[in-house]
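**Student:** What follows is a structure written as structure tokens; I'll ask about it next.
Any read-out appearing in this document is the output of simple, stated calculations on the displayed coordinates, not a laboratory observation. As the structure is a computational prediction, the values presented were derived from the model and not from experiment. Backbone-built Cβ (ideal geometry, glycine too); neighbour counts: all protein chains shown.
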Amino acid sequence: MSKLASQIIPLVIALVVLAAIGWVVYEVLQSASKIGQRAEKSMAKRNMVFTKDGMKVGVKHYEEEKYVDKTQSWVVKAWNLAEEGKTAEGSGSRSSKHDTTRTTTATTTTTTTKRK
């Protein structure tokens with residue numbers, strides 16, 4: 001009986017060690033999978049998506065008219081400030097026509113680009 005026990009004990013120990021290693025590998029793979037899913041959700045919030053062809057990134061798109069309005073508003077503001085400075089230096093008083101400045105706002109839309 002002792003000869004049989006001396007042959008079975010190493011086999012049982014080897015099986016326990018292999019089971020423990022298998023469990024550790026399984027847990028590591030599960031954790032890596034969860035981390036990947038969380039990263040994918042986080043990137044999807046920022047309009048970045050992985051596909052089989054690569055990565056799709058969402059970009060902000062300005063309509064041309066709104067972009068021109070926004071840049072022109074800066075030019076108008078600079079012009080009005082320059083005019084204001086000239087009238088303040090020349091006459092010492094402010095003109096009421098320079099007190100009101102036209103401002104425009106630009107809105108952006110988010111679109112995603114697709115690779116084909």
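**Student:** Just the residues that are assigned to a strand (DSSP E or B) and surrounded by 10 or more Cβ atoms within 10 Å (Cβ to Cβ), please, taken from segment 32-54. Show your work before the answer.
**Tutor:** So the first thing to find is which residues in segment 32-54 are assigned to a strand (DSSP E or B), and the list is 48-51, 54.
Of everything in segment 32-54, those that are assigned to a strand (DSSP E or B) and surrounded by 10 or more Cβ atoms within 10 Å (Cβ to Cβ) turn out to be Met48, Val49, Phe50.
**Student:** Report every pair of residues separated by at least 6 positions or lying on different chains whose Cβ atoms are under 6 Å apart, first residue within segment 7-31 and loosely packed, with under 10 Cβ neighbours inside 10 Å, second of a type in the set (Ser, Thr, Tyr).
**Tutor:** Correct list of pairs: empty, since none qualify.
**Student:** If you take the residues in segment 57-76 that are under 30 Å from Lys41 (Cβ atoms) and of a type in the set (A, V, I, L, M, F, W, C), which one is surrounded by the most Cβ atoms within 10 Å (Cβ to Cβ)?
**Tutor:** This residue is Val57.
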